[in-house]
């Protein structure tokens, strides 16, 4: 067996390290669930267009502070949150997709109050819920609230195509919304209310 010379072995180690570093760089940096939810509810409604070139946002992180403060004032004094929002924006621009969320779909596709709280902006006004992969067919989106509210409901897939996009007035704290999935894919529920309310249950059921 012929041994490699020192320069050859050194070059092999350098190349292996470089490839390992490139693989690590390909992984998205860690972003808190709250930052992802805030971005996907407050920011993404405008910035979803950036991946197709309709909008442009090329500010550095330092210069983006004023922009974030105007559109989401709580971020003004929270640098980790601002960094998370900036990272989620860069990911959406580069991948034309929502930033990956470490949230599992619960059994029966039913989310309880505590699970929904972790997927909210923290002020009981907006939620972003990864609904998982849905096959073509007819479904019903079920919402239970602590009080009646007018709720803006969106159901969109990873290509930002919507299956639900409308405002609904709950009755007795409930909403039952039928919808149809034509194309299989990963879907996301996005909800807004003008007056804060506790969302106690969300479920997706086949019809």
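Every number here is computed from the coordinates shown, using simple stated rules; none is lab data. Just so it is clear, the model here is predicted, and its values are computed rather than measured. Cβ placement follows ideal geometry from the backbone for every residue including glycine, while neighbour counts extend to all protein chains displayed.
Seen through its C-alpha gyration tensor, with square-root eigenvalues sorted a ≥ b ≥ c, region 114-207 comes out prolate because a/c lies at 1.5 or above while a/b is bigger than b/c. The simple spin-label model puts a point 7 Å past each Cα toward its Cβ; for residue 117 and residue 183 those points are separated by 3.8 nm.
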